[in-house]
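In what follows, a single structure is set out as structure tokens and then discussed.
The values are calculated or read from the model by the stated rules, or taken from the named source; none is laboratory data. Model, not experiment: these values are computed from the prediction. Here the Cβ positions follow ideal geometry from the backbone for every residue, glycine too, while neighbour counts run over all protein chains shown. The area values use the complete protein model at the heavy-atom level, side chains included, leaving out ligands, DNA and RNA. Shrake-Rupley method; radii C 1.70, N 1.55, O 1.52, S 1.80 Å.
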Amino acid sequence: MVSGLNFLAVLDDNFFNEHIFETAEKLDGTAEIIWFRFKNYNNIHYKLNKIRKIVKKSILTLSSDYVLAEKYGFDGIHLNKNTIKDYNTFKPASSLITGYSSHSAAEIDNIKADYYTLSPIFDTPKPYNVNQLGIIDYDKTKKVFALGGINLENLEIIKKHFYGFAGIRIVQDIIKHHNL
């Protein structure tokens, strides 16, 4: 936990590249959830095996691929609108916790998951236009992590409206700020 907030660290293999394992080690126990997000299957079995060995204290989730999540002993799976339907047929036989990437409050209300990311809350650097949602007062009985443009300066406002926060770029700020 950081600044009295629940923190979901998004470890994107394209963003962190060769520093992903070092970053995971620094965040283990600081982040409530570490979401390993990959888009490149090169060396994926090595990466999954190694990150599972590193992360012992935080909940470890994997993007979309529930077969690999089960095979490598991940705690959960993080889904999106393209992967939720396939997973729902698999879920009854699975003990994985479920995260879901939502882009509206309606999605959170209509999709059953253990936790959600809601994005983009604020402007975030992308090669395309991003329609930010802004602050949404969400029922804190649901684990909704604000994602998109979150930084150390806007954490107090996030704390008032969301269960916690998530991010990729803020991971670096947290490591620096907390001397991890």
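Descriptive notes on the structure:
- When each of 54, 34, 59 is tested for being closer than 19 Å to residue 114 by Cα, among the aliphatic types (A, V, I, L, M) and open to solvent by 10 Å² or more (accessible area, probe 1.4 Å), the lone residue that passes is 59.
- Unique match (being assigned to a helix (DSSP H, G or I) and under 20 Å from residue 103 (Cβ atoms)) among 85, 81: 85
- The one condition in (1) modelled with pLDDT of 85 or more; (2) open to solvent by 60 Å² or more (accessible area, probe 1.4 Å) that residue 125 fails to fulfil: (1)
- Among (1) touching a helix residue (DSSP H, G or I) at 6+ places or on another chain (Cβ under 7 Å); (2) modelled with pLDDT under 95; (3) of a type outside the set (Ser, Thr, Tyr); (4) not in a strand (DSSP E or B), the one test that residue 48 misses: (2)
- Restricting 84, 54 to residues that are closer than 21 Å to residue 168 by Cα and among the aliphatic types (A, V, I, L, M) narrows the list to 54.
- Any hit, the stretch 128-144, residues being open to solvent by 40 Å² or more (accessible area, probe 1.4 Å) and either under 23 Å from residue 28 (Cβ atoms) or under 17 Å from the mean Cα position of the chain (by Cα) (or both): yes
- Residue-level analysis places residue 170 outside the set of residues that are among the aliphatic types (A, V, I, L, M) and in contact with a Lys or Arg (Cβ under 7 Å, 6 or more places away or on another chain).
- Counted residues, the stretch 108-122 - those being open to solvent by 100 Å² or more (accessible area, probe 1.4 Å), in a loop (DSSP other than H, G, I, E, B) and not charged (D, E, K, R): 0
- Some residue of the stretch 84-91 being at pLDDT 95 or above and under 16 Å from the mean Cα position of the chain (by Cα): no
- Contact map, the stretch 54-76: residues that are without any contact (Cβ under 8 Å) to a residue 40 or more places away in the chain and more than 10 Å from residue 33 (Cα to Cα) paired with residues that are open to solvent by 40 Å² or more (accessible area, probe 1.4 Å) and hydrophobic (A, V, I, L, M, F, W, C), Cβ distance under 7 Å, separation 6+ or inter-chain. Pairs shown: 66/90.
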